[in-house]
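> Sharing a structure with you now.
The values are calculated or read from the model by the stated rules, or taken from the named source; none is laboratory data. Quick caveat, the model's predicted, so the values are computed rather than measured. Cβ coordinates were reconstructed from backbone atoms using ideal geometry, including for glycine residues, and neighbour counts include every protein chain displayed.
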Amino acid sequence: MNILNEAAPVLGRRRFLAGLAATGLTACAGTNGPTVSTQSIDVPDPLAAFRLLASAGPDIWAQHLPTATVADAPCTLAVSGGGEDGAFGAGALVGWSQTGTRPKFDIVTGVSTGALIAPFAFLGTEQDDMLRRIFTEYGANDIMKMRPLNAVFSDALYDTAPLADLIAHFTPPEVIDAVAVRHAAGARMFVVTSELDSARAHIWNMGAIAQAGRYDLFRGVMRASSALPGLFSPVDLQFEVGGVRYAESHMDGGIHMQFLAIPEFALTQVHSKLGRGSVYVLINNTLDPAPNIVSRSALAISQAALTTNTRAIADAAVDATTLFAHANGLSLSVAAVRPDSGIVFDPSDRFSTAYMNAMYRHGYDRAIDGALWHVM
C-alpha cells in the first residue's frame, strides 16, 4: 500500500498548499535570519545529531552510520544532481522496479535533484508512483516563480515557494515517519547541502531528522539541496538550541559534489570496512556528451560552462569511486544519460514537462531493456 493516500486531493498546477507545521526549526527562502550565526561563535555544532561535514573522519561517521549496517554488505544507491534531468533517475528507478530485479537499498544518498528522489527510493518500490508524478506531472510553474525585474540585485532569479509546497505535499508526516521506521531498523538516508557562509558541505542524516519529528527540517534540507545557485534562492534554516536562535543559509549540494557514494575519508583506503556490498550510482547527466554547437549568447554560454563543470566533477567522482571499488572488492555499477538519447535541452525553457517526460521515458526504457547499468 502506498504511504501517500492517492485518494487525497492532488496538488494542482500553480496552486499553493498551506504552510509547514511549526516546530522548533523552520526553513524558508529569502528571509532575514536571526543575528546569531553558527559560524560566528566557537561552540559545537548544535545540529550534530542530524548532520556531519563532508570532510568528517571515521569517528564522526560512526555516529551516523551503524557498524552493523556497514558490516552487513549494504546495498547503496547514490543519486546525483542534474536539475530537470532528475526525471531520468526517476524513470530509471521505476523501470528497474518493473523488471523485478531492483534491490531494497540499505543506504540512499541524494544530492541536488537527487535529494528529491532519495526519500522515495529509500522507502522502496511502493513509492514509484510518487517519483513518476513529481517528475512528469509538474513543470516550471509548480517549482518556481519569476522574481521582479530587479531580481538581478537579489539572491536569485526565481523564488521556489512553489517547490516548497510541492515537497510538503509529497512528504506528509506519514512519509517522513516511514523514513524514521527504516532508520530505526538500521537503514540510512543522507542528503548533501552547501552552507553559504562557511562554504562547507553538510551531509544530513535524514532518518535521524525524521525520527526526531523535525518535519520542517526534513523538507527544508530537501529544498536546500536542490537550490541551484543563481537560479533559486538559498534556503534559510533557523533553529533554537538552549534558548539561542541560530540561522544558516544552505543551497545546492552539487556545488561540492555530484553524488555521495563513499565518505571522503575512505576514498584512499584499501581493505576499508566500507568496501563491502554493492553501490549503484545514478547520474542524472551525461558523462560522455555528444558534440553540441553552443549559440553565442550569455545564457547559452554560461549554461554550457556550468554543464561542463558539473560533468567534470561527476566524471572525476566516478573515477575515484571506481578506484576504491577495485581496491576493496566493492561491486560498483553506474548509470547515466546516454549522449545519443536525442533529447534536446533548451536552457531558456527550464523544467519543461515535455523535456522531463522524455528524460523519464529514456531512463524507464533503459531499465526495462536491461541496458541501464554499466558494471565498473
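> Is it true that Val175 is assigned to a helix (DSSP H, G or I), surrounded by fewer than 22 Cβ atoms within 10 Å (Cβ to Cβ), at pLDDT 95 or above and in contact with a Pro (Cβ under 9 Å, 6 or more places away or on another chain)?
Yes: the conditions hold for Val175.
> Among the listed residues Asp155, Asp142, identify the single one that is at pLDDT below 90, in a helix (DSSP H, G or I) and farther than 18 Å from Ala367 by Cβ.
Criteria check complete, one pass: Asp142.
> Moving to a separate point now. Just to be sure I understand, how many residues within segment 68-104 are without any contact (Cβ under 8 Å) to a residue 12 or more places away in the chain and either crowded, with 24+ Cβ neighbours inside 10 Å or among the hydroxyl-bearing types (Ser, Thr, Tyr) (or both)?
So the count comes out to 1.
> Here's something else I'd like to know. Suppose we keep only residues that are among the charged types (D, E, K, R) and at pLDDT 85 or above within segment 40-55. Which one would you say is nearest to the chain's Cα centre (by Cα)?
Restricting to residues being among the charged types (D, E, K, R) and at pLDDT 85 or above, the top hit is Arg51.
> A follow-up question, please. Do we have Leu217 as surrounded by 24 or more Cβ atoms within 10 Å (Cβ to Cβ), closer than 27 Å to Asp142 by Cβ, under 13 Å from the mean Cα position of the chain (by Cα) and of a type outside the set (Gly, Ala, Ser) here?
no
> Specify the residue that is modelled with the highest pLDDT; the eligible residues are those in segment 178-214 that are hydroxyl-bearing (Ser, Thr, Tyr) and crowded, with 23+ Cβ neighbours inside 10 Å.
Here the residue is Thr193.
> Keeping to segment 223-252, report how many residues are in a strand (DSSP E or B) and either of a type outside the set (Ser, Thr, Tyr) or on the phi > 0 side of the Ramachandran plot (or both).
15
> Here are Val235, Val241: which of them is surrounded by 24 or more Cβ atoms within 10 Å (Cβ to Cβ) and either out of contact with any His (no Cβ under 6 Å at 6 or more places or on another chain) or β-branched (Val, Ile, Thr) (or both)?
That would be Val235, the only listed residue that is surrounded by 24 or more Cβ atoms within 10 Å (Cβ to Cβ) and either out of contact with any His (no Cβ under 6 Å at 6 or more places or on another chain) or β-branched (Val, Ile, Thr) (or both).
> Which one of these does Ser272 not meet: (1) more than 22 Å from Phe105 (Cα to Cα); (2) out of contact with any strand residue (DSSP E or B) (no Cβ under 6 Å at 6 or more places or on another chain)?
Of everything listed in (1) more than 22 Å from Phe105 (Cα to Cα); (2) out of contact with any strand residue (DSSP E or B) (no Cβ under 6 Å at 6 or more places or on another chain), Ser272 misses just condition (1).
> I'm trying to understand the selection: among the residues of segment 243-256, which are over 24 Å from Thr308 (Cβ atoms) and touching a residue at least 12 places away in the same chain (Cβ under 8 Å)?
Hits for segment 243-256 are Val244, Arg245, Tyr246, Ala247, Glu248, Ser249, His250.
> Could you grab me the full set of residues in segment 70-85 that are closer than 27 Å to Asp128 by Cα and either at pLDDT 95 or above or hydrophobic (A, V, I, L, M, F, W, C) (or both)?
Across segment 70-85, the qualifying residues are Val70, Ala73, Pro74, Cys75, Thr76, Leu77, Ala78, Val79, Ser80.
> Also: Looking at this structure, is Ala180 touching a His at 6+ places or on another chain (Cβ under 7 Å), part of a helix (DSSP H, G or I), without any contact (Cβ under 8 Å) to a residue 60 or more places away in the chain and not aromatic (Phe, Trp, Tyr)?
No, not satisfied.
> Could you tell me whether Ile209 is of a type outside the set (Ser, Thr, Tyr), in contact with a helix residue (DSSP H, G or I) (Cβ under 8 Å, 6 or more places away or on another chain) and touching a residue at least 60 places away in the same chain (Cβ under 8 Å)?
Here the answer is yes, as Ile209 does meet what is asked.
> List pairs: first residue in segment 283-306 and farther than 16 Å from Val344 by Cβ and part of a strand (DSSP E or B), second residue at pLDDT 80 or above and among the aliphatic types (A, V, I, L, M) anywhere in the structure, Cβ distance under 7 angstrom, at least six positions apart or on different chains.
Ile283/Ala314; Ile283/Val334; Ile283/Ala335; Ile283/Ala336
> Can you find, within segment 350-376, the residue that is surrounded by the fewest Cβ atoms within 10 Å (Cβ to Cβ) among those that are in contact (Cβ under 8 Å) with a residue 12 or more places away in the chain and part of a loop (DSSP other than H, G, I, E, B)?
Here the residue is Gly370.
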